[in-house]
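Beneath this line is the structure, given in structure tokens, with notes to follow.
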Amino acid sequence: MHSGSGEQVTTLGGRLQAAIERRNWSGREAARRLGISQQTVRNLLADQTHRGDPFRPSRATLLKIADGLGEPVHPWLALAGYEVDKVDQGAEMLAGKIDLLSPDDRQAIEQLVDSLLISKGYVHPAVVRAHEEVARPVGHAVSVEEGALDPAAQP
């Protein structure tokens with residue numbers, strides 16, 4: 001990754017500094033928006049703890065940072081020294097492409113994937129149906145035959 005000035009960013013601190021500068025955030029604002037502590041931001045920017053030890057944030061912290069910045073997590077994981085599976089990178093790239101689609105197109109992709117998983121024997125149809133029940137939009141009427149009440153009829 002390159003910073004705003006075009007130089008190669010090779011540390012977590014450098015990557016975070018570049019992201020903060022692009023957004024004109026303070027350290028406090030970055031901590032708030034990323035859902036991490038101000039001390040974690042300071043440790044990351046310094047690439048060490050307050051005691052001078054190398055700082056290696058958890059995967060969960062890196063996921064919060066990447067999510068808060070709207071970036072893929074694998075570059076953050078790699079800079080922190082975590083193993084980054086090529087499959088994870090491919091899945092992230094595919095998810096990013098799917099995010100560009102309309103809600104109807106995303107639903108069609110999901111149905112296609114469910115159908116493929118069932119036909120290949122990776123999942124049982126009942127698992128897909130259970131997932132569909134959980135993922136049903138709020139306010140979506142469910143017939144009595146499906147074993148649920150119509151949310152509009154509830155107080």
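Only residues that are outside any helix (DSSP H, G or I) and of a type outside the set (S, T, N, Q) were counted in segment 9-38, giving 4. Considered as a group, the residues in segment 21-48 that are within 13 Å of Thr61 (Cα to Cα) and in contact with an Asp or Glu (Cβ under 9 Å, 6 or more places away or on another chain) include one that is surrounded by the fewest Cβ atoms within 10 Å (Cβ to Cβ), and that residue is Gly35. Checking the stated criteria, Asp105 turns out not to satisfy the condition of being modelled with pLDDT under 90 and not polar (S, T, N, Q). Can you name every residue in segment 102-125 that is part of a helix (DSSP H, G or I) and of a type in the set (S, T, N, Q)? Matches in segment 102-125: Gln107, Gln111, Ser115, Ser119. Of all residues in segment 94-109, those that are more than 21 Å from Val73 (Cβ to Cβ) have Cβ atoms under 6 Å from Cβ atoms of residues that are surrounded by 10 or more Cβ atoms within 10 Å (Cβ to Cβ), 6 or more apart or on another chain, in Ile109/Ile98. Considered as a group, the residues in segment 50-86 that are of a type in the set (D, E, K, R) and not in a helix (DSSP H, G or I) include one that is modelled with the lowest pLDDT, and that residue is Asp85. Within segment 32-41, does at least one residue satisfy the condition of being more than 16 Å from Gln17 (Cβ to Cβ) and touching a residue at least 12 places away in the same chain (Cβ under 8 Å)? Yes, the conditions are met somewhere in segment 32-41.
The values are calculated or read from the model by the stated rules, or taken from the named source; none is laboratory data. None of the values given here were measured: they were computed from a predicted structure. FYI the Cβ positions are ideal-geometry reconstructions off the backbone, even for glycines, and counts take in every protein chain you see.
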